[in-house]
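Inspection log for the structure reproduced underneath, given as structure tokens.
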Amino acid sequence: TPQAIAVEENKGQESRQPVHGNWRVINHAPAALSTYSLPVNQVSGEFDLTKDQQNLKNIDIDVQSNGRITGAGVWKDKQGDFKFDVNGFDLKNVHPKMLATRLSGPLELTATKGSQHIVTTLTNSGSNVLQVFADVNVTNERVEVTEARMSGSANAKIELKGQLKYTEGLPFEGKAQLLQFNLAELGDFPNSRLAGDFDVNGVVKPNVKVNL
């Protein structure tokens, strides 16, 4: 689904260093990640440009369902390093069948021309006990999960490693270790009490299907 995006930019005098300005990107068609879209309403921030690097500050990402991601970072030598604070992220922004959440916590992003490396630990502030840790690499072809952990109530836990490809159906494959985890705690999924080590595969679209 193509994004309907508008960009606004206000730069200072380019003859002076550093160049200071602000920017805003508006997404007129936000939607869940599972629809090949972005659940972001708009992104804004300020920048200082020199011949050596770009400093981005006061980055403010307005996420659907009243979520917000704020932070700052530096782009230098073809690499960007950013630190963000996530506030109130809803897992329904990943897929509509997921649990409604208010996940918050730190997120670090390292970006190059062809990939992004993300590390985050998020905790849910709602009535559902949920904590998420993820170490993920994103490229133009796939999402590679180096390590992901999700813990719920009563010591329930899922650990995942694997990949999701940007091809028809969004297929995924990997390995999972589960400890008394009820999939219904993650959203509109069947009640289950799973434990053990599993090879997992499946698709995200048109409906989530998981094979263990």
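Mind listing whichever residues of region 138-159 are touching a residue at least 24 places away in the same chain (Cβ under 8 Å), within 21 Å of residue 92 (Cα to Cα) and within 16 Å of the chain's Cα centre (by Cα)?
142, 145, 150
For region 144-165, how many residues are of a type in the set (A, V, I, L, M), modelled with pLDDT under 80 and either open to solvent by 40 Å² or more (accessible area, probe 1.4 Å) or out of contact with any strand residue (DSSP E or B) (no Cβ under 8 Å at 6 or more places or on another chain) (or both)?
Summing the residues that are of a type in the set (A, V, I, L, M), modelled with pLDDT under 80 and either open to solvent by 40 Å² or more (accessible area, probe 1.4 Å) or out of contact with any strand residue (DSSP E or B) (no Cβ under 8 Å at 6 or more places or on another chain) (or both) in region 144-165 gives 1.
Kindly indicate whether any position in region 86-95 is touching a residue at least 12 places away in the same chain (Cβ under 8 Å) and in contact with a His (Cβ under 9 Å, 6 or more places away or on another chain).
no
Sort out which residues of region 183-198 are in a loop (DSSP other than H, G, I, E, B) and either more than 24 Å from residue 129 (Cβ to Cβ) or open to solvent by 70 Å² or more (accessible area, probe 1.4 Å) (or both), and write them in order of number.
If the condition is that a residue be in a loop (DSSP other than H, G, I, E, B) and either more than 24 Å from residue 129 (Cβ to Cβ) or open to solvent by 70 Å² or more (accessible area, probe 1.4 Å) (or both), then 188, 190, 191, 193 are the ones that fit.
Looking at (1) open to solvent by 70 Å² or more (accessible area, probe 1.4 Å); (2) hydrophobic (A, V, I, L, M, F, W, C); (3) at pLDDT 85 or above; (4) within 23 Å of residue 37 (Cα to Cα), which is the only condition residue 122 fails?
Failed condition: (1).
Being modelled with pLDDT under 85 and touching a strand residue (DSSP E or B) at 6+ places or on another chain (Cβ under 6 Å) narrows it down to one residue among 181, 133, 189, 172; which is it?
181
For region 53-99, give me the residue count where each residue is outside any loop (DSSP other than H, G, I, E, B), of a type in the set (A, V, I, L, M) and open to solvent by 50 Å² or more (accessible area, probe 1.4 Å).
Adding up the residues that qualify gives 1.
When region 166-182 is examined, which residues are found to be closer than 16 Å to residue 203 by Cα and exposed (fewer than 15 other Cβ atoms within 10 Å of the Cβ)?
Once the filter is applied, which keeps residues that are closer than 16 Å to residue 203 by Cα and exposed (fewer than 15 other Cβ atoms within 10 Å of the Cβ), region 166-182 yields 166, 167, 168, 169, 173, 175.
For residues that are under 17 Å from residue 80 (Cβ atoms) and open to solvent by less than 50 Å² (accessible area, probe 1.4 Å), scanning just region 2-43, find the one that is modelled with the lowest pLDDT.
By that ranking, first place goes to 25.
The values are calculated or read from the model by the stated rules, or taken from the named source; none is laboratory data. Predicted model only: the values in this text are computed from it and were never measured. So basically every Cβ, Gly included, is an ideal-geometry build from the backbone, and we count neighbours across all protein chains shown. These area figures cover heavy atoms from the full protein model, side chains too; ligands, DNA and RNA do not enter into them. Shrake-Rupley method; radii C 1.70, N 1.55, O 1.52, S 1.80 Å.
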